[in-house]
1. Could you check the spin-label model distance between residue 127 and residue 588? Points 7 Å from the Cα along Cα→Cβ, value in nm.
2. Find the centroid of the Cα atoms in the stretch 575-618 and in the stretch 326-387, then give the distance between the two in whole Å.
3. Based on the Cβ-Cβ distance of residue 325 and residue 148, what FRET efficiency does E = 1/(1 + (r/R0)^6) give at R0 = 60 Å, to the nearest 0.05?
4. Applying the Karplus parametrisation 6.51 cos²θ - 1.76 cosθ + 1.60 with θ = phi - 60° to the phi angles of the stretch 346-351, what ³J(HN,Hα) value in whole Hz is obtained for each residue in order, glycine and proline being reported as x?
5. Tell me the label-point distance for the pair residue 24, residue 53, using the 7 Å Cα-to-Cβ offset, in nm and rounded to one decimal.
6. Placing +1 at every Lys and Arg Cβ and -1 at every Asp and Glu Cβ, with all other atoms neutral, what dipole size does the stretch 95-248 have around its Cα centre, in debye to the nearest 20?
7. Stretched out fully, how many nm does the piece from residue 64 to residue 280 gain, at 0.36 nm a residue minus the Cα gap?
8. Report the label-to-label distance for residue 252 and residue 417 in nanometres (one decimal), using points 7 Å from each Cα along the Cα→Cβ vector.
Amino acid sequence: MSEQTPTSEQNGHVALSGPVHRLLELLADDAPAEEFGAVAAAARTGGASPQELSEIEKATATALRIRRALRQHRRREMELSALFDTAGDLAALRDLDAVLRSIVRRARLLLGTDTAYLTLPDEEAGDTYMRVTDGSVSPLFQNLRLELGEGLGGLVAQTARPYATPDYRTDQRFHHTGNIDAGVVDEGLVGILGVPLLLGSRENRGGKVIGALFAADRSPRPFSPDEVALLCSLAAHAAIAIDTAGAIADSRAALADLADANAVIREHSAAMQRAEEAHDRLTDLVLRGGDLTEVATAVAKLLDGALTIHDSEGRNLAAVRPDGSAFTETATDAARAASATQASLSAGRPVYRDATWTCAVLAGPRLLGSLTLHDRPHLDDPDRRLFERAGVITALLLLLRHSVAETENRVRGELIADLLAAPDRDPGALVGRGRRLGIDLEQPHLLLVAEAVGCAQEKLPGAAVQYLFGSDSISAEHSGAAVLLVRDDRPPGEAARAAAAQLAHLVGAPVTVGATGPAAGPRAIAAAHAEAARCLRALQALGRVGDGAGVLELGFVGVLLGDSRDVSGFVNATLGSLLEYDARRGTALVRTLEAYFASGGSLTRAKDVLHVHVNTVVQRLDRIQALLGADWNSAERALELRLALRLHLLALGQ
């Protein structure tokens, strides 16, 4: 018997296996992007069919997306690892120069710049000098001294804010001088980012600028907000290192110069040691993967007061007493904390107000949340510093938490996109993907579709992530709108109105939300999405922009005003219980309801049309009321029922 010839489908699988295998190898090797494109080019040269080329190009695009996601994840891991390593350096601070060199080197590596440097003021000379450089090749630049107020560094020091310039030589926002420009030209620097080293202030009110940290390229370069925030975090660590080293130096000088004040010095040293030990303990918590509650418990015990942690929206993230028990925060406490957070943000330091201490938690200029310490009317300087450092540790945890949440939501968003685009392709695989991500698609979910007014639509996907943060619900952008898959026991309309109000607050513009459900399973969820989208269009057509509603609340109006006429869905939603009862029991409830309405609500005329006794009509109407509810004959419900009956008869060709 002769060998069978491979089919075209088999040949296609064989033809595709080589390129796909090559793409996987490139992913494993983290190859340059151009090598991925070469796979399709090689297949085209090798005579691949159009269908094969199309599949290879799709696989290439998918591989490139995976490559980008992996690189972003690795970059985030590097950044967080560097911040944790820097915190560890501070905890074991022995040599200030070594710590500053490490911070500058990490700044250069993480931002991928040609050079990085740190400047400090010379109090005696009245100018600023280069303390540490990394990647510099110019002796002129390395020995450069800047008069106060000159150059980009002068602008950073004057305003206590980060500044970035894609091209230093042409930027006129700051004062150029001959010696500074000569040093910059000799080093070949073009794009420069500078951030202040601050003690106690982000707004230069009540605080002190003690230096500046810079990252620079020898070619034009814009710097992203994430890069600015990262450099600010490193600068905060550098400021703490300088502050701690200064405090240690002051203590040693006091021991040497004031032999008659041994008792005071011992007390000060003990306080400093306690602060260092506390910082070591908090840093160790972070490095071991501790959560916000563990940090709050440690700080509450160290400072002997109840502690609460809030996010940037004022939501309570942790609340504990010194003994580790839960602390109950009242609505009044939360409102006072929100007000005090703004005061701390403006002052750049912890503030005492309404019998509590509050410290704003920052990453660069970005507000991440706040710490509130209760039951402590006074904080001495070491405890105040410990409270501030607890804010830095909390900022690291919140940044990590936000990074993980953004990554998880991005992956979950891809699941929603696939679910809504092709729910019938492989429902089992979709359910499996959901379970791996912590989402059980076979459990009932509400479907919410939201749109914002104007340019606020661009902020809506991020606001949806923030709205659902910490819950087992997910969101994604689909067909130009935000889609929220929510586990919620409330009626769809109530959930839609709550989401519309909160999302509008987050984006600063009206947000309209249509909702339906609950729905379980990929097909039902996809169908529910279509209903929720129609509900959204109906709300907009009714002029109810900025409102929320459920599909059942709009009834037949949703059918008439939605962008798709789901007649069968409306009929089933309105008459489904009667149709099912008739089909199961062989009764004529639908026919009786039709005759009743056609007879103008007259039982006598209805029984003549149906050719039954009037008592039979009464009994059937009682059964209809039991199935539809007591308000079935109200004006609004009767209108919906009559429309559904008419549509049902038209669908049957009657």
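Nothing in this text is a laboratory measurement; each read-out follows from the coordinates by a stated rule. For clarity, every value in this text was computed on a predicted model and none was experimentally measured. Methodologically, a virtual Cβ is constructed for each residue, glycine included, from the backbone with ideal geometry; neighbour enumeration extends over all protein chains shown.
1. Using points 7 Å along Cα→Cβ, the separation is 10.7 nm.
2. 69 Å
3. Using R0 = 60 Å, I get an efficiency of 0.70.
4. 5, 7, x, 7, x, 10
5. In this crude label model, residue 24 to residue 53 measures out at 2.6 nm.
6. The calculated dipole for the stretch 95-248 is roughly 400 debye.
7. 73.6 nm
8. Roughly 5.7 nm, to one decimal.
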